[in-house]
Amino acid sequence: MSRTCSRDSRVASSSSTSSAVNCVDLSGNWLATGDQAGVARVWLLGSGRLVRLLDCGSGDPSASASPLVSLQLARECVVAASRAGVLHLWCVKSGVRVHSLRPLAPAAAVGGEALLDFRLSR
């Protein structure tokens, strides 16, 4: 389950830039944050050390302007969802993006739920 923070929350990174935090998730000793710039960060709770910086817009100029709206830690993976509807799956240990799921067509309302078709890509 992802949790949402106040728009005024700030998280500083080792690159000395910060962006408003949109979402957070906790799992064991890990904390993940997702921000307005489309960057997910994974922190080690015991030390407060930044373990991984995952740029969900890297390699895709259209995604870089899309804020992260939800994320979830699961074992050694992070799943991050952007406002553009793209889902990114990352391996925390290696820092490698395993997959990106992009909508094939606009969402259509089906019984009050949004229905999206996705294409799997690396």
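The values are calculated or read from the model by the stated rules, or taken from the named source; none is laboratory data. The structure presented is a predicted model; accordingly, all values stated were derived computationally and were not measured. Don't worry about glycine lacking a Cβ; one is built from the backbone with ideal geometry, like all the others, and counts go over all protein chains shown. Calculation scope for accessible area: heavy atoms of the full protein, side chains included, ligands and nucleic acids excluded. Shrake-Rupley method; radii C 1.70, N 1.55, O 1.52, S 1.80 Å.
Could we say that V69 is assigned to a strand (DSSP E or B), under 23 Å from S19 (Cβ atoms), modelled with pLDDT of 85 or more and open to solvent by 40 Å² or more (accessible area, probe 1.4 Å) here? So V69 fits the description; yes.
Applying the condition of being surrounded by fewer than 11 Cβ atoms within 10 Å (Cβ to Cβ) and hydrophobic (A, V, I, L, M, F, W, C) to the stretch 75-113 and asking which residue is modelled with the highest pLDDT yields L104.
What residue, among those in the stretch 35-66 that are at pLDDT below 90, hydroxyl-bearing (S, T, Y) and more than 16 Å from C23 (Cβ to Cβ), is surrounded by the most Cβ atoms within 10 Å (Cβ to Cβ)? Checked the stretch 35-66; the qualifying residue surrounded by the most Cβ atoms within 10 Å (Cβ to Cβ) is S64.
Scanning the stretch 82-96 for residues that are farther than 14 Å from G34 by Cβ and part of a strand (DSSP E or B) yields a single hit, C91.
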